[in-house]
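Below is one structure, written out as structure tokens; the observations come after it.
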Amino acid sequence: MFSKESLLKSATTCGLLEGENPHFIPETLGVLKNLADGATETIYEHPDDNGLSIQVIQKAFHYVFAKSIETYFLWQATAGENVTLSFSEADLLNGNTGALVPPNEADFMNTAMGMCTAMFNAFQEWLKTNQDLFQGEFLDLYDELNEALNWSARIGLSYAVTHFSGDR
């Protein structure tokens, strides 16, 4: 979708991506899509008084990003077989990433989450700048948000692949 370019640019600028294309693991693409779908549904099920809650959207970005890093570790643990990832609407809404990563990777995760905030900010700015695209149904906000969360997950996974594939 249209916000993808701003997400990729932000991810490259803040160090989440080393090139234009994220690394990916084919066996995890369905898991990441289900994660983004669940987060998008959660956003739409919990609006605030003004419509969609930007706070819930930000929490969803962080949750999806962190869980995608967990997906990398689960994929490694299963030796590339089926990866099963839990989704917790309660964790997302409470701002808990709920990501299970090795204890010695806490610093990595904290650094990554700070960079994810920059990526969310880029998405938020894109939304503000392109509000007119959602008038007259040129773009569907649900689809755009779902796609942005999908890219947040892919970028998170790519960041983990980049940092850990040489170590293990």
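Structure summary
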{"read-out": "Straight-distance crosslink candidates among lysines, where the alpha carbon sits under 19 Å from Lys67 and sequence neighbours closer than 8 are dropped", "value": "Lys33, Lys59"}
{"read-out": "Relative contact order for the chain, counting Cα pairs under 8 Å that sit 6 or more residues apart, in percent", "value": "44"}
{"read-out": "Dipole moment magnitude, nearest 20 debye, segment 30-80 about Cα centre, only Lys, Arg, Asp, Glu C-beta charged", "value": "260"}
{"read-out": "Selected from Leu17, Leu52, Leu93 as most flexible by GNM, with the chain as the system and alpha-carbon contacts under 10 Å", "value": "Leu52"}
{"read-out": "Residue exposure sequence - Ser3, Ser165 - by fewest surrounding Cβ within 10 Å", "value": "Ser165, Ser3"}
{"read-out": "Stretchable slack from Lys33 to Leu52, in nm (0.36 nm times residue separation minus alpha-carbon distance)", "value": "4.8 nm"}
{"read-out": "Sorted by Cβ density within 10 Å, fewest first, the residues Glu5, Glu147", "value": "Glu5, Glu147"}
{"read-out": "Of Leu85, Ala66, Gly98, farthest towards positive along the dipole that unit charges on Lys, Arg, Asp, Glu beta carbons give segment 1-99", "value": "Ala66"}
{"read-out": "Residues listed by number, segment 108-132, amide nitrogen under 19 Å from Glu5 label point at 7 Å toward C-beta", "value": "119-132"}
{"read-out": "Under 5 Å, built H, 5+ apart or other chain: amide partners of Gly98", "value": "none"}
{"read-out": "Cross-link reach list, aspartates and glutamates versus Lys128, counting only Cα pairs under 19 Å and skipping chain neighbours closer than eight places", "value": "Glu5, Asp48, Asp49, Glu137, Asp140, Asp143, Glu144, Glu147"}
{"read-out": "Debye equation applied to the C-alpha atoms of the chain, log10 I(q)/I(0) at 0.15, 0.17, 0.18, 0.20 Å⁻¹", "value": "-0.77, -0.99, -1.11, -1.37"}
{"read-out": "Of Ser86, Ser152, Ser68, the one that fluctuates the most in a GNM where the chain has Cα springs shorter than 10 Å", "value": "Ser86"}
{"read-out": "Only Lys, Arg (+1) and Asp, Glu (-1) charged, at Cβ; the chain dipole about Cα centre in debye", "value": "440"}
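Each value in this text was obtained by applying a stated rule to the coordinates, not by laboratory testing. Just so it is clear, the structure is predicted and the values come from calculations on it, not from any experiment. Every residue, glycine among them, receives a Cβ derived from its backbone with ideal geometry; neighbour counts consider all protein chains shown.
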